[in-house]
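This report concerns only the one structure given below.
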Amino acid sequence: MRKGVTAAAASLSAVALAAAMAPAASAATNEPPPGRITIEVLTVNGSGCPAGTAAVTPASDDSAFTVTYSDYLAQAGGNSKPTDFRKNCQLALGIHIPQGFTYAIASADYRGFASLANGASGLERANYYYQGMQQTTPISHSIKGKYSDTWQFTDRTPWAELVWKPCGEDRILNVNTELRVDKGTSAPGDTSFMSFDSTDGNVKTVYHFEWKKCPGRR
């Protein structure tokens, strides 16, 4: 058994998005803005997150938000259905912040559990985008069987390539995730799975904010 797989991905290739973004923010700050920050789940779509199985919770210090899934599992082999090998979820989030500030997603921590037979493999893929803007490049991580343990991947974006919500505009944040399992050369009777869930139901995905003051804000 191998212990949790950890990876740090490179950038989300958002330079083109930054150039197209209206109007640019300035005056970087590591501190969340003063005032109330709320996160509202507007829509949930996808085979990996049936109604009522995904919840979003903001951090108490407004530095991040956490998505918890309770029925997000892809599997292949054994008695699995042909469509079970791929599961996905798109969350549309309304993130309301004080005027004069904007935010970007600086990093995301993805966690789950996988049980992969010898010869099978699993893949986790994720990206995000603001309403009306081009999607960021999906980042993928894979695990090869034989494997039976928790997994964790971290995607980080360099400061120069962060994608900022346009200042003064309300934009929905869309978060896309996907899991795939390939039975590969595993025995026909072997069932392999990969999930954003675990036996204790306490597996979460955490998205970390970076903050900026907008032009004219002191």
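General remarks:
- Selection within region 44-70 - surrounded by 18 or more Cβ atoms within 10 Å (Cβ to Cβ) and in a loop (DSSP other than H, G, I, E, B): G48, C49, D62
- Selection from region 101-110 of residues that are surrounded by fewer than 19 Cβ atoms within 10 Å (Cβ to Cβ) and either farther than 20 Å from N174 by Cβ or not aliphatic (A, V, I, L, M) (or both): S107, D109
- The lone criterion from (1) at pLDDT 95 or above; (2) touching a Phe, Trp or Tyr at 6+ places or on another chain (Cβ under 7 Å) left unmet by W211 is number (1).
- Counting only strands (runs of 3 or more DSSP E) that sit wholly inside region 120-167, those with at least 2 residues that are closer than 29 Å to D190 by Cα and open to solvent by less than 10 Å² (accessible area, probe 1.4 Å) are 121-130, 147-156.
- Meets criteria (of a type in the set (D, E, K, R), in a strand (DSSP E or B), touching a residue at least 24 places away in the same chain (Cβ under 8 Å) and open to solvent by 80 Å² or more (accessible area, probe 1.4 Å)) for E40: yes
- Restricting attention to region 71-97, the residues that are touching a strand residue (DSSP E or B) at 6+ places or on another chain (Cβ under 8 Å), open to solvent by 70 Å² or more (accessible area, probe 1.4 Å) and under 12 Å from V181 (Cα atoms) add up to 2.
- In the set (1) among the basic types (K, R); (2) more than 18 Å from the chain's Cα centre (by Cα); (3) crowded, with 16+ Cβ neighbours inside 10 Å, the condition left unmet by R180 is number (2).
- Every residue from region 156-174 that is touching a helix residue (DSSP H, G or I) at 6+ places or on another chain (Cβ under 9 Å) and either at pLDDT 90 or above or closer than 21 Å to H141 by Cβ (or both): E161, L162, V163, W164
- Taking region 123-153 as the range and being of a type in the set (G, A, S) and out of contact with any Ser or Thr (no Cβ under 8 Å at 6 or more places or on another chain) as the test, the residues that pass are G132, S140.
The values are calculated or read from the model by the stated rules, or taken from the named source; none is laboratory data. Owing to the predicted nature of the structure, the values given are computational and were not obtained by experimental measurement. Cβ coordinates were reconstructed from backbone atoms using ideal geometry, including for glycine residues, and neighbour counts include every protein chain displayed. Just so you know, the surface numbers come from the protein's heavy atoms only, side chains and all, with ligands and any DNA or RNA stripped out. Shrake-Rupley method; radii C 1.70, N 1.55, O 1.52, S 1.80 Å.
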